[in-house]
4 protein chains.
Amino acid sequence: MEHSKAFLLINFKTYLEATGKRAVELSKQIEKVGENAGIKVGVAPQFCDLERVAASVDIPIFAQHIDPITPGASTGHVLAESVKAAGADGTLINHSEKPLLLADIDKAVQLAKQTGLNSVVCAGTARLAASVAVSEPDMVAIEPPELIGTGRAVSKENPEIITDSVKRVHKVNPTVRILCGAGISTGDDVYTALKLGTDGILVASGVVKAREPEKVLASFCEAVLRVE
Amino acid sequence: MEHSKAFLLINFKTYLEATGKRAVELSKQIEKVGENAGIKVGVAPQFCDLERVAASVDIPIFAQHIDPITPGASTGHVLAESVKAAGADGTLINHSEKPLLLADIDKAVQLAKQTGLNSVVCAGTARLAASVAVSEPDMVAIEPPELIGTGRAVSKENPEIITDSVKRVHKVNPTVRILCGAGISTGDDVYTALKLGTDGILVASGVVKAREPEKVLASFCEAVLRVE
Amino acid sequence: MEHSKAFLLINFKTYLEATGKRAVELSKQIEKVGENAGIKVGVAPQFCDLERVAASVDIPIFAQHIDPITPGASTGHVLAESVKAAGADGTLINHSEKPLLLADIDKAVQLAKQTGLNSVVCAGTARLAASVAVSEPDMVAIEPPELIGTGRAVSKENPEIITDSVKRVHKVNPTVRILCGAGISTGDDVYTALKLGTDGILVASGVVKAREPEKVLASFCEAVLRVE
Amino acid sequence: MEHSKAFLLINFKTYLEATGKRAVELSKQIEKVGENAGIKVGVAPQFCDLERVAASVDIPIFAQHIDPITPGASTGHVLAESVKAAGADGTLINHSEKPLLLADIDKAVQLAKQTGLNSVVCAGTARLAASVAVSEPDMVAIEPPELIGTGRAVSKENPEIITDSVKRVHKVNPTVRILCGAGISTGDDVYTALKLGTDGILVASGVVKAREPEKVLASFCEAVLRVE
């Protein structure tokens, strides 16, 4: 089955519902929904769960962060090579809950490239999205921090930030792909986001904290199919 | 076989020699040396390696850090429950390469207790060791940052800092155990550290970056036996 | 006129009501109220206002923070010598709005001593108060962060935290003086705080944001006189 | 007398040679050299010295940093309004010794605009210079951190980084002015920097730590005159 162009990435954050064995179970459910719909889905579990999730599913797996360090004396830091060795395919960078210094965002993107990890750099405004696009990550995720976790989707609440981001990011870098995040909780939110010119979705509580995560994700997949 | 009272904890930092599969191999070697000598040894691998190391050996396993957070929206952070679910028995806190705000050290120690993780709080001076002992962690590790990774052992270079730390820490909290770190690279360093009143060793490059880690660790174990 | 033993320290934070010329005016009002009542009062203006305030009043002046640095290449940092040269007599350290790494709190306290600045180290709990007392600052200020700016005084809401702090701090260091902060807004709050064994008050919005700061401060002074 | 187009900005960092009264004296010397040569010079003293320097000279005065905050409960932070009230005309932002989160750089630039402060945002590489130019500060200063304080000028050691920065920055924003920093210590360094397309110099130790700061600065001014 052909995969969608759109990409749905589910961030597990540090939710207990997606910690340890439950990270594996949830990843399997997500994989199944994606397969059934023919939609490309990925997961971003916690560091300690990357390996067991990678061993259990065959979908893109992202770390939630890497530190701007090379191998050495960096106790407690997250090394790109370690994330890669655990089976990750990519990493989030500069999530609003784990913001980085400007110089460290750029370092992390370059380290991801060197290690063979796809990079998704998060940004809270159109201007910041353009700033991080300069570093040429694989993807930029637009997530206005004030909407994260609210269930009020940026694609509905503030569509201009998305269209403005798409325009500004592509001016800096026409090939970077753009994810839409913050408050996504319904298929309509997904549909709107894609219609505004984004290439996918970054979602967390909307799926992970849902009573029936598969159903919610299935509705997201249907929305993608309506667009494509 | 009875285990030693002394505890040798090997910190893998972000050394490539101790990343991914090599973390597992090194942990197995360490376990074997400890078993042969009847000495209690432990390892502190990177987050992504905790689970596979825990599945491969039967010695105490420590995370290198936990964040002062509870489950929720903390992308990219290290949750105590996640570390525990991966099979860790304990965690380092406030290593000089991952220093924490004062309030966060205390939070992390309490979170470790609640999650059933042993806590080793690092401190660079005798005064700071006494400060962190107030939070009643299981262990305090004295590591003057200026000696870390030098091969010049604190127990030789600056024995007063150890004796002073032991005295100050036990005044605040008589039951907390004390590890000696920074620059430990020979059996003599270990012997001296224990003779000065500490309960074990926190070591990284001295073992991990050694040409023959088993031999170095074996010499550490012999030193423990000479003392006990 | 003899001064009180109790000390009332007013933190100007970054309130516009206490910025620039208004910092000078407010400091003069505070000085006058203190003089009239014979109570020792002090102010903690912003860095840029230290010099003009020091040139205008003759009461203790505190910086709100110093960085743990010595002279050199530290653009944008706050040097103890600079604060001293501007006329400050002391400095807050580790305010909950400007928290420091454990090791940096200790460094800042030692730098304050070396520069001839009185140090007031803030702590949010009784345990943290005991931790910072180890560094032997001149004063420890107990300020539960959850009560700061609420108008609900710690001395009323949670008197045990004060009595517990006094006991724990004095066990570590019998000579350090203790200020009570967070939510202080009435003379009764001050009275209770002193009765619980503290040596003074650290207050911000309760005075600075009051419609009539002099009246509020006068009522604080009356409360001190009731105790002494 | 007409002023030069080029701008020479001297960063006082936290050097004792430029603290307190010595900040005033040095600023007066700098003003005099600039006046004599007809070159636009500015100074960036420490926060506590801004007011007395502003009261003593009539040249552009920059803070070394502002925090991304608005008036309120931000003890120990540097408020744009406070810097402005002290007499500053502008501020450095994101100096490599005081680096900021990406989102905070943008906030600080907008706050500077709103407060009527000129903004000079520092960046260590051409790519980062382009990133910060997106926020539309008044100036971008290129300072490779590895050359700061070395006396090895970026304009000589690594001229490509300057030409590349000029190109990338102007592509993003054609009107932003560009300063060249890091290691500038001779008139030749200044001449080269301007010839490479920059609009001025950001210098610290090269002037402040010189035996005869006026002579060094005079040689910088001569270099500007050779170019213009």
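The values are calculated or read from the model by the stated rules, or taken from the named source; none is laboratory data. Computed from a prediction, not measured in an experiment: that's the story for all the values here. When we count neighbours, we look across all protein chains shown, and the Cβ atoms used for this are built from the backbone with ideal geometry, even at glycine.
Does residue B:84 satisfy being without any contact (Cβ under 8 Å) to a residue 24 or more places away in the chain and within 18 Å of the chain's Cα centre (by Cα)? Steps first, answer last, please.
Details: without any contact (Cβ under 8 Å) to a residue 24 or more places away in the chain: no; within 18 Å of the chain's Cα centre (by Cα): yes.
So residue B:84 fails the test.
For region B:9-21, which residues satisfy the criterion of being part of a helix (DSSP H, G or I) and either on the phi > 0 side of the Ramachandran plot or more than 9 Å from chain A (Cβ to nearest Cβ) (or both)?
We begin by selecting, within region B:9-21, every residue part of a helix (DSSP H, G or I); these are B:16-18, B:21.
Answer for region B:9-21, where residues must be part of a helix (DSSP H, G or I) and either on the phi > 0 side of the Ramachandran plot or more than 9 Å from chain A (Cβ to nearest Cβ) (or both): just B:18.
Does residue D:118 qualify as being surrounded by fewer than 24 Cβ atoms within 10 Å (Cβ to Cβ) and either β-branched (Val, Ile, Thr) or under 13 Å from the mean Cα position of the chain (by Cα) (or both)? Break it down stepwise before answering.
Details: surrounded by fewer than 24 Cβ atoms within 10 Å (Cβ to Cβ): yes; either β-branched (Val, Ile, Thr) or under 13 Å from the mean Cα position of the chain (by Cα) (or both): yes.
The answer is yes for residue D:118.
Within region A:185-210, restricting attention to residues that are crowded, with 22+ Cβ neighbours inside 10 Å and within 14 Å of chain B (Cβ to nearest Cβ), which residue is farthest from residue A:163 (Cα to Cα)?
For region A:185-210, the residue satisfying everything is A:208.
When the residues of region D:55-79 are filtered to those that are hydrophobic (A, V, I, L, M, F, W, C) and facing chain C (nearest Cβ under 10 Å), which remaining residue is surrounded by the most Cβ atoms within 10 Å (Cβ to Cβ)? Before the answer, list the steps.
First, pick out the residues of region D:55-79 that are hydrophobic (A, V, I, L, M, F, W, C): D:55, D:57, D:59, D:61-63, D:66, D:69, D:73, D:78-79.
This time we only want the ones that are facing chain C (nearest Cβ under 10 Å), so: D:55, D:63, D:66, D:69, D:73, D:78-79.
Values: D:55: 12, D:63: 27, D:66: 30, D:69: 18, D:73: 18, D:78: 25, D:79: 26.
Among those residues, the one meeting the criterion is D:66.
Does residue C:17 qualify as being over 28 Å from residue C:105 (Cβ atoms) and at pLDDT below 95? Spell out how you get there, then give the answer.
Numbers: over 28 Å from residue C:105 (Cβ atoms): yes; at pLDDT below 95: no.
Answer is no for this residue.
I need a count of the residues in region C:87-106 that are polar (S, T, N, Q) and either in contact (Cβ under 8 Å) with a residue 60 or more places away in the chain or within 15 Å of residue B:131 (Cβ to Cβ) (or both).
Looking only at that region, the number is 1.
Mind listing whichever residues of region B:88-99 are out of contact with any Leu (no Cβ under 6 Å at 6 or more places or on another chain) and either more than 7 Å from chain A (Cβ to nearest Cβ) or surrounded by 20 or more Cβ atoms within 10 Å (Cβ to Cβ) (or both)?
B:89, B:92, B:93, B:95, B:96, B:97
Determine which single condition residue B:102 fails, assuming it passes every other condition in (1) surrounded by fewer than 24 Cβ atoms within 10 Å (Cβ to Cβ); (2) more than 10 Å from chain A (Cβ to nearest Cβ); (3) more than 26 Å from residue A:71 (Cβ to Cβ).
(1)
Would you say residue A:113 is under 16 Å from residue D:101 (Cβ atoms), of a type outside the set (Phe, Trp, Tyr) and without any contact (Cβ under 8 Å) to a residue 40 or more places away in the chain? Break it down stepwise before answering.
Details: under 16 Å from residue D:101 (Cβ atoms): no; of a type outside the set (Phe, Trp, Tyr): yes; without any contact (Cβ under 8 Å) to a residue 40 or more places away in the chain: yes.
Against the criterion (under 16 Å from residue D:101 (Cβ atoms), of a type outside the set (Phe, Trp, Tyr) and without any contact (Cβ under 8 Å) to a residue 40 or more places away in the chain), residue A:113 does not qualify.
What number of residues within region A:34-53 are facing another protein chain (nearest Cβ under 7 Å) and of a type outside the set (D, E, K, R)?
4
Step by step: first the residues of region C:151-184, then only those that are within 19 Å of residue C:219 (Cα to Cα) and of a type outside the set (Gly, Ala, Ser), then the one that is farthest from the other protein chains (Cβ to nearest Cβ). Which residue is that?
Step one: of region C:151-184, the residues within 19 Å of residue C:219 (Cα to Cα) are C:151-156, C:179-184.
The next check asks that each one be of a type outside the set (Gly, Ala, Ser); those that pass are C:152, C:154, C:156, C:179-180, C:184.
Numbers: C:152: 15, C:154: 16, C:156: 20, C:179: 14, C:180: 16, C:184: 14 Å.
Among them, the one singled out is C:156.
Can you find even one residue in region D:30-43 that is surrounded by fewer than 24 Cβ atoms within 10 Å (Cβ to Cβ), over 15 Å from the mean Cα position of the chain (by Cα) and part of a loop (DSSP other than H, G, I, E, B)?
Yes, that holds for at least one residue.
If you scan region D:104-126, which residues turn out to be in a helix (DSSP H, G or I) and at pLDDT 95 or above?
Taking region D:104-126 as the starting set, the residues that turn out to be in a helix (DSSP H, G or I) are D:104-115, D:126.
Selection gives D:104, D:105, D:106, D:107, D:108, D:109, D:110, D:111, D:112, D:113, D:114, D:115.
Mind listing whichever residues of region B:189-221 are modelled with pLDDT of 95 or more, in a helix (DSSP H, G or I) and of a type in the set (D, E, K, R)?
Those that are modelled with pLDDT of 95 or more, in a helix (DSSP H, G or I) and of a type in the set (D, E, K, R): B:214, B:215.
Assuming residue A:142 fulfils every condition listed in (1) within 14 Å of chain B (Cβ to nearest Cβ); (2) surrounded by 24 or more Cβ atoms within 10 Å (Cβ to Cβ) apart from one, which condition is it?
The one condition residue A:142 does not meet is (1).
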